[in-house]
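Just so you know, all these numbers are worked out from the coordinates, no wet-lab data involved. Note that this is a predicted model, so its numbers are computed, not measured. Cβ: placed from backbone, ideal geometry, glycine included. Neighbour counts: every protein chain shown.
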């Protein structure tokens, strides 16, 4: 897993870490039983505070993706295929919402949206 | 992870010519980096020196690892970087270990030499022949060569160029890889807190304005800007209000007070700088500096 942070994206750093860890888990880069980098190592490596990484990891625990095992660290839990599907569906729904909102803000009509989606689909 | 507070002040008051600290309660948690921030004269250095036993409290107390500040029992366990190094100006860098190493139970000369090398501090130079950046690094090399649990740094980055500042942050992060280690440092450059400090203590005029995690600070405060006159009902909620020639105003507010300003205002996120600056202005414009904001 290779995490890259942007300090100017406007997305909080802990959110970026969380999203990239989640993607690594859902995408299979991290498998069940794998350890996430230790909090302190990742903080030092990414040059962020410990609290920033802690927030990201705690959120992943809250989502049920990893478990904080005493003495071992943060371990990837068995990936529930239903949860993984749900997460992917949720991501899709969010992308649709964002696309529609962006289209409306830019006064782009449905015909154009449809055309652009089709183009992207066929790429 | 080890828990607990390694450094605790209770109702610490230090009076010098005027009040330097007024009844402050500060906790520094083990295993984290705590940043003290505030304008010059806020009490940051006074707090750190009290914690090191270099200044006696007028009232209240400070304990370090459960012992009164300054006890012999804890001196060994603290690495200290103050504005001046403990080394005499005429000493040669490489002889410092021989001179002061015996003051510590666990002085590690090899570690000291290794750090000098890593930080590019020329060992054959005299202490007064070092640049500001090299002097800070020398102080850190000394501080880290007796295996401390707590690293205390007073304004370590002042006078450092951006490269040296980044080196310093990396050194602190490396020290923090051990969960039993704790760092507390003061700064007036708030941008340094963002990616280094876990806990923030904002000081102003000798009182604690805020104490918590950085994101909590930003969730608690906002900036309000209005074109019209400041509503009378909102006056008390405006911290350090500034007015422009057209009667418009800008102030720091608690997010909870947003409604008091009505609908015709812009509410923005507050940066750490905004918070420091507006609290400082607030205390300048009131007769009892800091007392209104102590809660």
(message) Please compute the Kirkwood hydrodynamic radius over region B:158-295, one decimal place, Å, based on all pairs of different Cα atoms.
(response) 16.7
(message) Viscosity 1.306 mPa s, temperature 10 °C: give me the Stokes-Einstein translational D for chain B in µm²/s, with Rh taken as the Kirkwood radius over C-alpha pairs.
(response) 77
(message) Out of all Cα-Cα pairs in region B:69-178, roughly what percent, to the nearest whole number, are more than 25 Å apart?
(response) 14
(request) Give me Rg over Rh for region B:215-285, both radii from the alpha carbons and Rh done the Kirkwood way, two decimal places. (result) 0.93
(request) Under a 10 Å cutoff between Cα atoms, tell me which one of B:248, B:240, B:129 has the largest fluctuation in the Gaussian network model of chain B. (result) B:248
(message) Taking the 0 to 90 degree range and rounding to the nearest ten, how far is the long axis of helix B:109-118 tilted relative to the main principal axis of chain B, both from C-alpha atoms?
(response) 60
(message) Counting only other chains, and only Cβ atoms inside 10 Å, what mean value do you get across the residues of A:49-57?
(response) 5
(request) Per residue of A:35-48, count partner chain C-beta atoms within 10 Å of its C-beta, then hand back the mean as an integer. (result) 3
(message) Just to confirm the number: angle between the C-alpha axis of helix B:162-175 and the first principal axis of chain B, 0 to 90 degrees, nearest 10?
(response) 70
(message) Out of all DSSP beta bridges in the protein assembly as shown, what portion is antiparallel? Express it as a percent rounded to 5.
(response) 70
(request) Any chance you could check the Cα centroid distance between region A:36-81 and region B:47-126 for me, in angstrom? (result) 35
(message) Angle check, please: helix B:132-144 long axis (alpha carbons) against the longest principal axis of chain B (alpha carbons), in degrees 0 to 90, nearest 10.
(response) 70
(request) Take the alpha carbon atoms of the protein assembly as shown, find their radius of gyration, then divide it by 2.2 N^0.38 Å using N residues; give the quotient. (result) 1.16
(message) To make sure I understand, if each residue's beta carbon is the centre and we count other beta carbons within 10 Å, what order do B:199, A:110, B:91 fall in, fewest to most?
(response) A:110, B:91, B:199
(request) Please express the Cα-Cα pair-distance distribution P(r) of region B:1-80 as a list of whole percents, one per 5 Å bin, running from 0 to the bin with the greatest distance. (result) 3, 16, 27, 26, 18, 8, 2, 0, 0
(message) What three numbers, in Å, describe the spread of the alpha carbons of chain A along their principal axes, ordered from the longest?
(response) 56, 34, 24
(request) Give the Cα extents of region A:56-96 along the principal axes, in whole Å, largest first. (result) 41, 20, 10
(request) With runs of 4+ DSSP H residues as the only contributors, calculate the mean residue ellipticity of chain B at 222 nm using -39,500 (n - 2.57) per run, divided by the residue total and rounded to the nearest 500. (result) -7500 deg cm²/dmol
(request) For chain B, set up a Gaussian network in which alpha carbons nearer than 10 Å are linked by springs, and say which option among B:157, B:182, B:58 fluctuates the most. (result) B:58
(request) Please build a GNM for chain B, connecting alpha carbons under 10 Å apart, and tell me which residue among B:148, B:39, B:231 fluctuates the most. (result) B:231
(request) Which order do the peptides B:73-85, B:96-108 take when ranked by the mean count of other beta-carbon atoms within 10 Å per residue, highest first? (result) B:73-85, B:96-108
(message) For peptide B:192-200, what's the mean number of Cβ atoms from other chains within 10 Å of each residue's Cβ?
(response) 4
